Amino acid sequence: MNSEKINELVSQMTITEKLGQLTQLAPFFLGMDPTMDLTGPMNEMNLKPEWIKEVGSTLNGFGARELKALQDRHMANSRLGIPLLFMADIVHGYKTGFPIPLAMGSSFEPALYERACEISAKEGAASGIHLTFAPMTDLVRDPRWGRVMESTGEDAYLNSVMTQAAVRGYQGQNPRDKGRLASCVKHFAAYGAPWGGRDYNTVDQSEGMLREYYLPAYKAAVDAGVAMVMTSFNTVKRVPASANKWLMRDVLREEWGFEGPVISDYAAVDETITHGIAADSAEAARKCLEAGTDIEMMSSHYLVNGEALVSEGKLDIAIIDEAVRRVLELKNALGLFENPYKDADEAWEAELLNHPEHKRAAYEIAIECPVLLKNEGVLPLNNLKPEDKLKIGVAGPFTGTDRVMGSWAVNRESGDRSLIQALRNQMPQAEFITAMTGELGPLQADITDVPDEIDAAVERLRDCDVIIAAVGENSEDTGESASKTILRLSGNQERMIHALHGLGKPVVAVLFCGRPMEIGPILADCDAVLQGWFLGDASGAALADLLIGKANPSGRLTMSIPVSVGQIPVHYNAFRTGRPYRGLHERYVSRYLDCDNEPLFPFGYGLSYSEFAYSDFMVEKTGNSDGVLAKARISVTNISNVPGKETVQLYIHDVAAQVVRPVKELKGFRKLELQPGETAVVSFEITKEMLSYWNEEREFCFEPGAFDIMLGRSSADVESTRIWIG
Ligand code: GLC
């Protein structure tokens with residue numbers, strides 16, 4: 001259908017039909033049992049029964065058969081034959097569960113994230129979904145916020161690269177193609193910066209911080225052709241995003257040229273009343289439509305008030321028509337007018353779900369995500385002693401559980417994901433003894449700890465050669481509405497590690513979590529620590545192979561791990577301040593009396609079973625040939641006898657500018673595999689864009705001056721050269 005046809009269709013629609021297209025409801029409103037629980041509060045909807053058949057889209061209904069039947073019922077009642085658009089939260093996997101995005105970001109491999117999204121799209125499309133509410137690309141600096149698990153971390157550049165990979169993975173060349181989904185980037189904007197790390201709380205960032213940190217990754221999604229944008233619950237410059245004209249009309253549409261529809265987050269239009277910028281339902285509808293929120297998710301202010309607002313001259317019908325046109329154009333772009341089912345196909349769905357290639361991909365992606373934080377001669381396990389002589393203790397609530405899918409996982413069915421099962425599969429000749437394996441119930445259910453079986457655990461594991469502590473947080477205590485003020489392991493988990501350390505045997509902590517945790521209290525009692533995240537279907541297999549040494553850890557942190565929750569926000573790309581702390585015992589500098597400024601583990605950090613040496617660091621100016629101002633390069637050699645992967649990172653620092661600049665900013669990275677003895681020369685072009693910043697005249701600019709150019713293995717371990725670029 002071409003645009004003229006769309007315009008003709010709009011001209012034939014009644015006001016109620018138009019407002020229905022701008023409303024999204026959960027499937028049970030349309031007579032379908034929801035296959036997922038609601039993802040937000042259920043408020044009074046004031047819906048008239050005759051409106052239901054006009055609704056334009058649903059969220060989180062699944063299943064080829066079920067959605068085809070729903071579409072059939074809808075089309076039979078649609079006067080103008082406008083199909084429903086089926087949307088869903090497919091964030092890190094559909095039937096195949098992939099690692100949480102914070103883990104996939106730690107792989108520093110965009111291609112892996114893209115592959116995970118491509119497989120998720122295929123499975124979701126076969127099950128009748130047309131669009132996914134992903135990627136979430138909110139920049140995060142505060143692990144008290146439960147939704148850090150959905151982000152790829154604290155860096156705008158890395159998040160932008162990962163976001164574009166995700167959009168490519170979901171949409172491919174064209175989301176209309178078979179096995180592809182339209183992608184919806186969220187949550188626009190800066191949802192990841194709530195005061196106190198408390199979900200839904202106030203966000204208040206200067207325009208400079210928005211422009212340089214919080215907005216770039218959404219723009220990257222728009223530049224990658226993302227089909228839709230979702231507004232966030234929070235305020236931006238004191239106006240809730242769903243009613244924020246500056247954000248949507250000025251930035252998203254005028255500056256960035258986005259032409260697709262914007263959808264509110266769950267009941268966010270309704271919440272403009274609660275926020276206090278709409279006095280009532282009618283004002284909420286008017287303000288959000290005028291600001292540019294095209295679709296109202298799970299509230300009904302548009303339907304309830306739209307007709308009166310127009311007839312009373314309070315709202316220009318042209319605003320409603322442009323919103324309807326965007327929605328119809330998205331449906332048209334997906335081919336739904338020709339084929340309202342798109343790819344829904346029961347046979348294909350059955351073939352795809354649990355497909356061995358997808359399971360293999362889940363493993364290949366999961367194996368790249370864990371971050372080895374500490375290893376003092378204990379890992380890999382296959383170096384300790386011959387397998388048939390090895391006695392391994394495994395203790396803690398994540399020993400035997402397969403609930404390792406992470407928040408927002410669609411597939412929560414049981415499977416063979418447990419660590420102990422995978423270890424036994426991979427080391428059949430070793431002896432395994434388990435202890436204190438009771439699961440950690442969620443704080444959401446007021447369960448704060450695992451049962452104290454520490455004494456029994458000490459007795460049972462006394463004769464082991466090595467002890468693995470499988471510890472962490474319940475995945476239901478991560479994700480949405482899962483903010484915490486305490487980031488330590490529960491008391492009995494910490495006490496268990498201390499007691500097992502007292503046996504004088506090596507202790508390896510494996511952390512199952514959706515956020516950086518405050519692990520300082522257990523660090524000294526662990527000989528090794530592996531940040532294991534929630535890795536999805538391949539969790540057990542990937543962690544077992546990494547612990548045993550059948551694979552070599554290669555993840556690098558994309559979010560700093562704090563020494564103390566009191567340091568938060570603690571992130572690598574901070575400003576120097578006028579009184580930087582240099583680690584000396586001095587007063588009147590920016591420091592704490594009771595804690596260091598630096599995180600426990602910094603952005604970009606991660607160990608390997610290999611050892612890499614850096615040499616021949618060099619930076620040279622190149623004039624200004626097509627925007628390239630300099631080149632930096634360094635040699636990396638694997639000086640160990642273990643093949644491994646290293647991620648070389650490029651950082652820059654602008655020494656003096658119109659506004660203060662971060663002490664360093666990631667501007668490039670390269671993950672490379674090196675065989676023992678192999679050397680690679682890694683080079684980066686330094687471009688004008690990399691050196692530009694948002695100035696006082698409210699534009700991105702490049703200023704000649706002195707710049708520190710840095711290359712290294714983490715944000716805290718770089719070689720640096722200062723050059724004048726002008
Ligand atoms: C939730 C989330 C959002 C999700 C939406 C639909 O409240 O904030 O990420 O896509 O509702 O489930």
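Before moving on, here are some points about what is shown:
- Which listed residue, of Ala308, Ala318, is away from the ligand (no atom under 16 Å from the Cβ) and either without any contact (Cβ under 8 Å) to a residue 12 or more places away in the chain or outside the structural domain of Met42 (by TED's automatic domain parsing) (or both): Ala318
- Counting the residues of segment 64-93 that are touching a helix residue (DSSP H, G or I) at 6+ places or on another chain (Cβ under 8 Å) and open to solvent by less than 30 Å² (accessible area, probe 1.4 Å) gives 14.
- Answer from Gly105, Gly128 - the residue that is touching a residue at least 24 places away in the same chain (Cβ under 8 Å), more than 18 Å from the chain's Cα centre (by Cα) and crowded, with 24+ Cβ neighbours inside 10 Å: Gly128
- Listed conditions (1) more than 16 Å from the ligand (Cβ to nearest atom); (2) surrounded by fewer than 24 Cβ atoms within 10 Å (Cβ to Cβ); (3) over 29 Å from Gly169 (Cβ atoms); (4) not small (Gly, Ala, Ser) are all met by Glu212, apart from (3).
- The residue that is nearest to the ligand (Cβ to nearest atom), among those in segment 481-500 that are crowded, with 19+ Cβ neighbours inside 10 Å and under 22 Å from Pro143 (Cα atoms), is Ala482.
- Just one residue in the set Ile420, Ile454, Ile468, Ile447 is surrounded by 24 or more Cβ atoms within 10 Å (Cβ to Cβ) and not hydroxyl-bearing (Ser, Thr, Tyr); that residue is Ile468.
- For segment 170-195, the set of residues classified as more than 16 Å from the ligand (Cβ to nearest atom) and either within 30 Å of Arg144 (Cβ to Cβ) or of a type in the set (Ser, Thr, Tyr) (or both) consists of Trp195 only.
- Boolean, Leu530 is within 19 Å of Lys645 (Cβ to Cβ), open to solvent by less than 20 Å² (accessible area, probe 1.4 Å) and part of a strand (DSSP E or B): yes
- Every residue from segment 706-726 that is at pLDDT 95 or above and surrounded by fewer than 14 Cβ atoms within 10 Å (Cβ to Cβ): Ala706, Asp717, Arg722, Trp724
- Residues that are over 23 Å from Val148 (Cα atoms) and either out of contact with any strand residue (DSSP E or B) (no Cβ under 9 Å at 6 or more places or on another chain) or within 16 Å of the ligand (Cβ to nearest atom) (or both) within segment 390-417 comprise Glu413, Ser414, Asp416, listed in sequence order.
- Hits in segment 579-613 - residues which are of a type in the set (Phe, Trp, Tyr) and open to solvent by 40 Å² or more (accessible area, probe 1.4 Å): Tyr581, Tyr588, Tyr592, Tyr605
- Pairs, first under 15 Å from Ile392 (Cβ atoms) in segment 542-553, second part of a helix (DSSP H, G or I) and of a type in the set (Lys, Arg), C-beta under 9 Å, six or more apart: Ala544/Arg424
- The C-beta contact set for segment 80-92 (first residue under 19 Å from Leu30 (Cα atoms) and at pLDDT below 95, second residue within 16 Å of the ligand (Cβ to nearest atom) and of a type outside the set (Ser, Thr, Tyr), distance under 8 angstrom, 6+ apart or interchain) is empty.
- Enumeration of residues in segment 119-162 that are part of a loop (DSSP other than H, G, I, E, B) and away from the ligand (no atom under 16 Å from the Cβ): Ser127, Gly128, Arg141, Asp142, Pro143, Arg144, Gly153, Glu154, Asp155
- Single residue of segment 55-81 satisfying the filter (in contact with a Leu (Cβ under 7 Å, 6 or more places away or on another chain) and not polar (S, T, N, Q)) that is farthest from the ligand (Cβ to nearest atom): Leu80
- Segment 423-444: number of residues that are buried (at least 16 other Cβ atoms within 10 Å of the Cβ) and either in a helix (DSSP H, G or I) or hydroxyl-bearing (Ser, Thr, Tyr) (or both): 6
- For Glu689: the one exception among (1) outside any strand (DSSP E or B); (2) touching a helix residue (DSSP H, G or I) at 6+ places or on another chain (Cβ under 8 Å): (2)
- So Val239, is it hydrophobic (A, V, I, L, M, F, W, C), assigned by TED's automatic domain parsing to the domain that holds Ala285, in contact with a Leu (Cβ under 9 Å, 6 or more places away or on another chain) and more than 16 Å from the ligand (Cβ to nearest atom): yes
- Matching entry among Ala69, Ala76 (being out of contact with any strand residue (DSSP E or B) (no Cβ under 8 Å at 6 or more places or on another chain), in the same structural domain as Leu336 (by TED's automatic domain parsing), over 24 Å from Met13 (Cβ atoms) and not in a loop (DSSP other than H, G, I, E, B)): Ala69
- Scanning segment 26-38 for residues that are touching a Phe, Trp or Tyr at 6+ places or on another chain (Cβ under 6 Å) and either in the same structural domain as Ser407 (by TED's automatic domain parsing) or open to solvent by less than 70 Å² (accessible area, probe 1.4 Å) (or both) yields a single hit, Pro34.
- Some residue of segment 68-76 being without any contact (Cβ under 8 Å) to a residue 24 or more places away in the chain and charged (D, E, K, R): yes
- Residue check for Asp626: open to solvent by 30 Å² or more (accessible area, probe 1.4 Å), within 27 Å of Gln531 (Cα to Cα) and not hydroxyl-bearing (Ser, Thr, Tyr): no
- Residue check for Asp537: in contact (Cβ under 8 Å) with a residue 12 or more places away in the chain and surrounded by fewer than 24 Cβ atoms within 10 Å (Cβ to Cβ): no
- Consider segment 244-271 and keep the residues that are more than 19 Å from Cys184 (Cα to Cα) and crowded, with 23+ Cβ neighbours inside 10 Å. The one that is farthest from the ligand (Cβ to nearest atom) is Asp270.
- Residue within segment 501-508 that is part of a helix (DSSP H, G or I) and either crowded, with 24+ Cβ neighbours inside 10 Å or more than 26 Å from the chain's Cα centre (by Cα) (or both) present: yes
- Filtered residue count, segment 225-234, keeping only those that are touching an Asp or Glu at 6+ places or on another chain (Cβ under 7 Å) and open to solvent by 10 Å² or more (accessible area, probe 1.4 Å): 1
- Restricting attention to segment 272-286 and to residues that are surrounded by 24 or more Cβ atoms within 10 Å (Cβ to Cβ) and over 17 Å from Gly56 (Cβ atoms), the residue that is farthest from the chain's Cα centre (by Cα) turns out to be Ala284.
The values are calculated or read from the model by the stated rules, or taken from the named source; none is laboratory data. Quick caveat, the model's predicted, so the values are computed rather than measured. In this analysis, Cβ positions are derived from the backbone assuming ideal geometry, glycine residues included, and neighbour counts consider all displayed protein chains. Just the protein is used for accessible areas: all its heavy atoms, side chains included, with ligands, DNA and RNA removed. Shrake-Rupley method; radii C 1.70, N 1.55, O 1.52, S 1.80 Å.
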